[in-house]
Amino acid sequence: MVSKNNQPPLPGAEAVAGMSDDELRQLVKDISAQGLSRNLIADEAGYVPSALSSWMTGKYKAKDQSAFVGALKASLERLLEKRFSSGNTTGKKFPRQETSVTLAVFEAARICQFRGLMGLFTGRGGLGKTTAAEMYAAKTSNVVYVWTSKFMTKRQLMIKIGEQCGVSDATSFGILEKVCEALKSRKSLVIIDESENLSLDVLDTVRQINDVSGAGLLFIGQEPFYELLAKSRRTHEYLVDRFKASARAKGIGLADVRLLAGTVLPNIEGVEKVLLTACNGSARFLESLVFKLDDLVREGVELDEKLVLQTADAVRIF
């Protein structure tokens, strides 16, 4: 069975754990075909893209490949849950567009990069912050982009940053020194995504990149990260006061709805406002809603406000 755009439907995240190596390779191909880069899949697993490429062709040379396969499964599970949830079961995604959230992230990134500042960009999930950060890193020179998880240690984060800078060392401090040397004397930026997972101890280590190299640091996360910093100012003033730039996103607007939904639906005139109301400013929910509406329109159902509201109720999980 294939979807209407001739792409195979993606499985639920719960199916990944029981997959064979060949099934995992096919899943990587299917996800890549639907717009998610293999570089991001490898990065999510904590490996360099060349490791994934070697494994895909059966040339990965590590004696014990179980660690790699375990990390890859965890990566695919997270990506399926994160990017293809809320009823968007076929994994269809909007083409990348410069929404108001994207432009706000770009502006924050430029300020941090070219002024050598530490900054934060926060907002609830589903607004497109991660997509914007990935877009900025893809189109701008001297940008390091990494994500965090609540299970990540300080050393693991430093290893990821080091890999992006092309350096490694036996110790976290050694990696820090080499990263700073690699970033020094150029307008560089390190973007740390999902920063709400960072402890103050890890944050204190990463900020040394800014102190030593002068590279900009942009921490992107959800509201708990902002709240953590605000609450910690009295006890960690030396750390919190290093943040010189701050921006917060509330949600996408009507112009963003027209831009995003218009890439899929042939005519949204008259339903833009109800689409915005239904998604409550969430680009992720709008994506799921619009592709479901597209299926219905292709079947001959008339697109009107009533259909939008009914479909939103059907798509909404919580």
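Which of the helices (runs of 4 or more DSSP H) contained wholly in region 202-274 include at least 3 residues that are farther than 19 Å from LEU157 by Cβ and under 25 Å from the mean Cα position of the chain (by Cα)?
In region 202-274, 223-231, 254-261 are the helices (runs of 4 or more DSSP H) which contain 3 or more residues that are farther than 19 Å from LEU157 by Cβ and under 25 Å from the mean Cα position of the chain (by Cα).
Being at pLDDT below 95 and either more than 30 Å from LYS150 (Cα to Cα) or assigned by TED's automatic domain parsing to the domain that holds ILE161 (or both) is the requirement here; does ALA230 meet it?
When the stated conditions are applied, ALA230 passes them.
Quick one: is ILE192 within 24 Å of the chain's Cα centre (by Cα), hydrophobic (A, V, I, L, M, F, W, C), at pLDDT 90 or above and part of a helix (DSSP H, G or I)?
no
Filter region 112-128 down to residues that are over 21 Å from ASP204 (Cα atoms) and surrounded by fewer than 22 Cβ atoms within 10 Å (Cβ to Cβ) and give me whichever is modelled with the highest pLDDT.
Here the answer is PHE114.
Which residue out of ALA137, ALA182 is farther than 27 Å from ALA71 by Cα, out of contact with any Gly (no Cβ under 6 Å at 6 or more places or on another chain) and assigned to a helix (DSSP H, G or I)?
ALA182
When you check LYS292 against the structure, is it part of a helix (DSSP H, G or I) and either over 27 Å from the mean Cα position of the chain (by Cα) or without any contact (Cβ under 8 Å) to a residue 24 or more places away in the chain (or both), yes or no?
no
Would you point out which residue out of LYS187, LYS154, LYS150 is surrounded by fewer than 18 Cβ atoms within 10 Å (Cβ to Cβ), closer than 16 Å to PHE225 by Cβ and basic (Lys, Arg)?
LYS150 is the lone residue from the list that is surrounded by fewer than 18 Cβ atoms within 10 Å (Cβ to Cβ), closer than 16 Å to PHE225 by Cβ and basic (Lys, Arg).
Go through region 216-254 and report how many residues are surrounded by 20 or more Cβ atoms within 10 Å (Cβ to Cβ) and β-branched (Val, Ile, Thr).
Qualifying residue count for the region: 2.
For LEU183, which of the numbered conditions (1) touching a Cys at 6+ places or on another chain (Cβ under 8 Å); (2) free of Cβ contacts under 8 Å to residues at least 60 places away in the same chain; (3) under 26 Å from ASP256 (Cα atoms) fails to hold?
Just one mismatch for LEU183, condition (3).
Identify the residue in region 164-179 that is assigned to a helix (DSSP H, G or I) and among the β-branched types (Val, Ile, Thr) and, among all such residues, is surrounded by the most Cβ atoms within 10 Å (Cβ to Cβ).
If we take residues in region 164-179 being assigned to a helix (DSSP H, G or I) and among the β-branched types (Val, Ile, Thr), then VAL179 is surrounded by the most Cβ atoms within 10 Å (Cβ to Cβ).
Could you check region 23-81 and list, in sequence order, the residues that are polar (S, T, N, Q) and more than 23 Å from TYR145 (Cα to Cα)?
GLN26, THR57, GLN65, SER66
The values are calculated or read from the model by the stated rules, or taken from the named source; none is laboratory data. In this text the structure is predicted, and so the values were computed from the model without any measurement. Because the Cβ atoms are built from the backbone with ideal geometry, glycine has one as well, and the counts that use them run over all protein chains shown.
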